[in-house]
Amino acid sequence: MAAELINGKEIAQELRSQLVRDIRYLAEKDIIPGLAVVLVGDDPASRTYVTMKQKACEKLGLYSRLIELEETISEKELLDIVKQLNNDDDIDGILVQLPLPKHIEETTIIEAISPEKDVDGFHPINIGRMMTGQDSFLPCTPYGIIKLIEAINVPLEGKHVVVVGRSNIVGKPMGQLCLNRNATVTYCHSKTSDLQKHTSQADILISAVGVRGLITKDHVKDGAIVIDVAMNRDEENKLCGDVIFEEVKEKASFITPVPGGVGPMTITMLLYNTIKSTKRKL
Ligand code: GUN
């Protein structure tokens, strides 16, 4: 039987309508949540993501400020800008779009962002809080995936979750958030010797690698839930994920499409975190 689609667009829309209620409540108190997005250089993919984030802010009625900087900006100059934003009362969330140019140390910049405005959830303080199960800003993509799994009413407790990919942005925090919800978690990565052996045992398989065609039907257990985080391009330049959708959907119980699965959730959780930051000030 073919899998049920997990409709990220619809689930994101539902969450955004809840956020609109929060924004109206804040507006009654003359408070508008503000997000600063810092874009260094002119990477086309980064620019596309940043534009999508800004548009989503504007649509919901958040204040968004785009700070565009030359590729050649020094680390010190960028640090000064981050510090200014930390002290700016109109700004509740700061997002420095990654990757940064090679001459700038990403961890130095991330650590300079106030943990109270780190709506990406990348600051070590927020990562530490997440690991110990304390309240924190959670990284937007993994948090969005948790919301997708909640939306289909599947409890994570006792499930075997296999995460393929171990990036700081997605893979690592993804496993941690599942562990925090009492799942048993396996991480696979480029040095895993027998990927299929692990993935085929997953109740929930989450792939965040960026390799088209990596996950075939043979990697998936009958009835598994399959979440595809990747955004690859096929030979016709169409968006696609890591999962061979057409064959895996015949085996899975639920599956996310690409596009329209995880993608819309990432931006929604960024808005969610920004509003959370604003509400914390009250
Ligand atoms: N680059 C790719 N994804 C992200 C993200 O979620 N946040 C930031 N800041 N940069 C990114």
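Laid out as a table, the results:
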read-out: Approximate spin-label separation Asp90-Glu68, in nm, with each point projected 7 Å along Cα-to-Cβ; value: 1.8 nm
read-out: Loop sites in the stretch 171-230: trypsin sites (Lys or Arg not before Pro), DSSP, at most 11 other Cβ within 10 Å; value: Lys191
read-out: Straight-distance crosslink candidates among lysines, where the alpha carbon sits under 19 Å from Lys83 and sequence neighbours closer than 8 are dropped; value: Lys117, Lys281
read-out: Evaluated at q = 0.18, 0.19 Å⁻¹: base-10 log I(q)/I(0), Debye formula over Cα of the stretch 219-264; value: -0.50, -0.55
read-out: 5 angstrom amide H check on Asn232, placed H, neighbours 5+ away; value: Cys240, Gly241
read-out: Gaussian network model of the chain, springs between alpha carbon atoms under 10 Å - residue of Leu179, Leu138, Leu26 with greatest fluctuation; value: Leu26
read-out: Spin-label model distance (nm) - Thr108 vs Asp222, 7 Å beyond Cα toward Cβ; value: 5.7 nm
read-out: Descending semi-axes in whole angstrom, ellipsoid equivalent of the chain, from the Cα gyration tensor; value: 32, 21, 18
read-out: Table column - 3J(HN,Hα) (Hz), the stretch 113-119, Karplus curve with 6.51, -1.76, 1.60, x for Gly and Pro; value: 6, 4, x, 6, 10, 7, 6
read-out: Acute angle (nearest 10 degrees) that the helix 171-180 long axis makes with the longest principal axis of the chain, alpha-carbon atoms; value: 80 degrees
read-out: Relative contact order (%) - the stretch 74-225, alpha-carbon pairs under 8 angstrom, separation at least six; value: 16 percent
read-out: Computed over the chain: relative contact order in percent, which uses C-alpha pairs under 8 Å that are six or more apart; value: 22 percent
read-out: Using θ = phi - 60° and Karplus 6.51 cos²θ - 1.76 cosθ + 1.60, couplings along the stretch 141-149 (whole Hz; Gly, Pro as x); value: 5, x, 5, x, 5, 4, 5, 5, 5
read-out: Neighbourhood net charge (13 Å Cβ-Cβ; Lys/Arg +1, Asp/Glu -1) for Glu68; value: -2
read-out: Global geometry of the stretch 2-77, whether rounded, prolate or oblate, following the gyration tensor of its Cα atoms and the 1.5 cut on a/c; value: oblate
read-out: Amide H contacts of Val96 (H built 1.01 Å from N, under 5 Å, at least 5 apart or other chain); value: Val38
read-out: Neighbour-limited loop hits for trypsin sites (Lys or Arg not before Pro), the stretch 35-129 (at most 14 other Cβ within 10 Å; DSSP other than H, G, I, E, B); value: Lys102
read-out: Options Leu60, Val38, His123, ranked by Cα towards positive dipole end of the stretch 5-129, top entry (Cβ charges); value: Leu60
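Each reported figure results from applying straightforward, stated rules to the coordinates on display, with no laboratory input. As the structure is a prediction and not an experimental result, all values here were calculated from the model. Cβ coordinates were reconstructed from backbone atoms using ideal geometry, including for glycine residues, and neighbour counts include every protein chain displayed.
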